[in-house]
Amino acid sequence: MRIRPHLEMRMRMAAAVRSFFVERDFLEVETPIRIPAPAPEVHIDCVSASGAFLQASPELAMKELLASGFDRIFQLARCFRGGERGAKHLPEMTLLEWYVKDENYRYMMEETEQLVCHLAACEGRGDSLFWQGKKINLTPPFERLSVEEAFLRYGSLSMEEALEKGCFNEIMGLEIEPCLGLEKPVFLYDYPVSEASLARIKPENPAFAERFELYVCGVELCNAYTELVDAKEQADRFREAAMERERLGKTAYPEASVFLEALGHMPPATGNALGFDRLVMLFSDAPDIDYVTAILPEEM
């Protein structure tokens, strides 16, 4: 019963999420959990399911809806990732994912900020969040920090050096992420193109992609970007990712041909995938993600 207060908060926060989006004229959707072909992302392993795959994210299906004419959609989706288990990771998790037509990642930063503040208000938190003895100031605007500047501020190598030596993700995970959002939430933005396979390249600087993540107390909460809507470029990036997966000995996926065909009809848009379990963990002051999960995978 120690987890009951955390689960009660989880229920309230799910209701508050829905009220936030309904008030902004979003449509809640449900897309298939079992899909024929996932995006071939190098660092995410999907779970096979009788000749298909359990979704790691509802991203491809939701973009197909955008391509068919929907303009503001969201869902709380059950998602699955192989080999992920830890204090902040579950092999089966809940993602809050939403998309907005004709907007970009800077608009999405503002909307994400508004969502967090809305949830804090619904929980009577005012402008502060307390997690494991740390006080986080939620007064907007949240900090904006480029990836390049984060490497200069916290990393042992520059971003360019880390990319050249193949240790970008290692330095990000071990040196930079633990320093982010310790007093105020921070949006880490403008990732190198090699680290943003589904994001639009910045028109004014093609070395970077229009992607951001939100960090609170060193915890990554979301992954968002201005969507890439060039089907040919996306197919090329998918082929590069598939080749890298093959080089690493990872499972090969079928081509996401239905998605790529739909992408040719998709309007400009921005989207966000936010870890709902982690968000509840922070708001409920739970020491790890197990406290906000009704039944753990090891208990089944």
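The values are calculated or read from the model by the stated rules, or taken from the named source; none is laboratory data. All of these numbers come straight from a predicted model, not from anything done at the bench. Note: ideal-geometry Cβ built from the backbone for every residue, glycine included; neighbour counts use all protein chains shown.
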Inset, instruction - Could you tell me whether any residue of the stretch 99-115 is of a type outside the set (Lys, Arg), crowded, with 16+ Cβ neighbours inside 10 Å and in contact with a Gly (Cβ under 7 Å, 6 or more places away or on another chain)? - result: yes
Inset, instruction - Can you give me the number of residues within the stretch 67-117 that are part of a strand (DSSP E or B) and in contact with a Ser or Thr (Cβ under 8 Å, 6 or more places away or on another chain)? - result: 9
Legend entry - Hits in the stretch 18-43 (condition: in contact with a strand residue (DSSP E or B) (Cβ under 8 Å, 6 or more places away or on another chain), more than 30 Å from Tyr253 (Cβ to Cβ) and outside any loop (DSSP other than H, G, I, E, B)): Arg18, Phe21, Val22
Inset, instruction - Could you tell me whether any residue of the stretch 143-151 is in contact with a Lys or Arg (Cβ under 6 Å, 6 or more places away or on another chain), closer than 22 Å to Phe238 by Cβ and either of a type in the set (Ser, Thr, Tyr) or assigned to a strand (DSSP E or B) (or both)? - result: no
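Can you name the residue in the stretch 63-93 that is of a type in the set (A, V, I, L, M) and more than 14 Å from the chain's Cα centre (by Cα) and is also modelled with the lowest pLDDT among such residues?
Looking at residues that are of a type in the set (A, V, I, L, M) and more than 14 Å from the chain's Cα centre (by Cα), I get Ala87.
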Legend entry - Hey, Phe283 buried (at least 21 other Cβ atoms within 10 Å of the Cβ), under 30 Å from Met9 (Cβ atoms) and touching a residue at least 60 places away in the same chain (Cβ under 8 Å) or not: yes
Inset, instruction - Would you mind telling me which numbered condition in (1) out of contact with any Lys or Arg (no Cβ under 7 Å at 6 or more places or on another chain); (2) under 13 Å from Ser146 (Cα atoms) Phe208 fails? - result: (1)
Inset, instruction - Under 9 Å between Cβ atoms, at least 6 apart or on separate chains: pull out the pairs that start in the stretch 181-201 with a residue that is polar (S, T, N, Q) and end on any residue that is modelled with pLDDT of 95 or more and part of a strand (DSSP E or B). - result: Ser194/Ala209; Ser197/Ala209
Legend entry - Of all residues in the stretch 257-272 being surrounded by fewer than 21 Cβ atoms within 10 Å (Cβ to Cβ) and at pLDDT 95 or above, the one that is nearest to Leu65 (Cα to Cα): Ala262
Inset, instruction - Output yes when any residue across the stretch 129-147 is in contact with a Cys (Cβ under 7 Å, 6 or more places away or on another chain), closer than 30 Å to Pro267 by Cα and touching a residue at least 12 places away in the same chain (Cβ under 8 Å), and no when none is. - result: yes
Inset, instruction - Could you tell me whether the stretch 74-83 includes any residue that is surrounded by 15 or more Cβ atoms within 10 Å (Cβ to Cβ), in contact with a helix residue (DSSP H, G or I) (Cβ under 8 Å, 6 or more places away or on another chain), of a type in the set (D, E, K, R) and at negative phi? - result: no
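Has the stretch 56-63 got at least one residue that is buried (at least 20 other Cβ atoms within 10 Å of the Cβ), of a type in the set (D, E, K, R) and in a helix (DSSP H, G or I)?
Yes, the conditions are met somewhere in the stretch 56-63.
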